[in-house]
Structures are given as C-alpha cells and as structure tokens.
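K.L.:
The structure that follows is given in the form of structure tokens.
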Amino acid sequence: MPVPSPNFGDPSQQATRNAVVLVVDDDRMIREVATRSLERAGYQVVAVGSGQEAVDLVRSQSHGIDAILLDLSMPEMDGWEAAAQLKACRPEIPIALTSGYGEDQFPARRGACNYDAFLDKPYGPGELALCVDSLLASGTRDDR
C-alpha cells in the first residue's frame, strides 16, 4: 500500500520543516536522493558517508542536528554502533534506522539499541518526509 505524500503546505509542519536532518549512508546515491527529497520537503540536510563521521559531527556540535537518518549496513562502524554512540552524545536526538533488510532481521540487536523509528529501503520521498516529520513531532527539539 503506497504511503501518501505529505502535505508540504501544511502549516502544522512548518515548525519541523526548518529542522536540520543528518543523513548517514555509505552509498553516495542514496545519500544524494535522500538529501534532495528532504530538501524538497523543506528540511536542511547535512549528509555524511560513515557512522564515524556522524558521531564526530554530532560531538563537535552541541546543537544543530535535529534528527538523524542512519543506515545500518556500513563498513567500519555500522549503524548500530553509530546509533549507540550518537545517543550517548545526545540522548534526546531522534534516530531513524534504515536498511534494505527488514527490522525483524535484527532481533538480537533491536533491544540493545535505542532508536526511534525504522524505515525500510527502498523508501520513497513521501515515506522519508513522513518518517522525519514523525521523528521530530515525537522528539524534544530546541527551536532556534
């Protein structure tokens, strides 16, 4: 069943749509598509290619990143480890994990990681925007 496209003109979304989303994926094409989709939805996007880059970025900025879209399958530091370190730095930051493997493929890891949503790949622009909208609506976000 297709997910409806978000209503990009909805005033109730304006508070979240100026948020900064960190996209973390080792696949350059996926990063670029996710970045374009989120920017079209009104988000500001920072994109990096590894879990370590994401952790370093969040550690260096006490605020500034409002939500994270994080791929699970990456070399060196996978998404599970990155999520754990990111939550250790900023426990309030909402994280959506993404994978081409279903969430049910990771039963042992699921309980050990504090994440806020799971988005199956492939996802469309509407699904992505709705996921981030949901993350920000449920999270505690500083309005700058």
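K.L.:
Roughly how many Å² is the accessible area per residue of segment 33-75, as a whole number, for a 1.4 Å probe? All intermediate terms of the calculation are to be shown ahead of the outcome.
P.N.:
Details: 1830 Å² over 43 residues.
Heavy-atom SASA per residue in segment 33-75 reads 43 Å².
K.L.:
Next up: Tally up the carbon and sulfur contribution to the accessible surface of segment 16-58 as a whole percent, 1.4 Å probe, everything protein left in place. Please list the in-between numbers first.
P.N.:
Numbers: 910 of 1820 Å².
It is 50 percent, rounded to a whole number.
The values are calculated or read from the model by the stated rules, or taken from the named source; none is laboratory data. None of these values were measured; they are calculated from a predicted model. Only protein heavy atoms, including side chains, enter the accessible area calculation; ligands, DNA and RNA are left aside. Shrake-Rupley method; radii C 1.70, N 1.55, O 1.52, S 1.80 Å.
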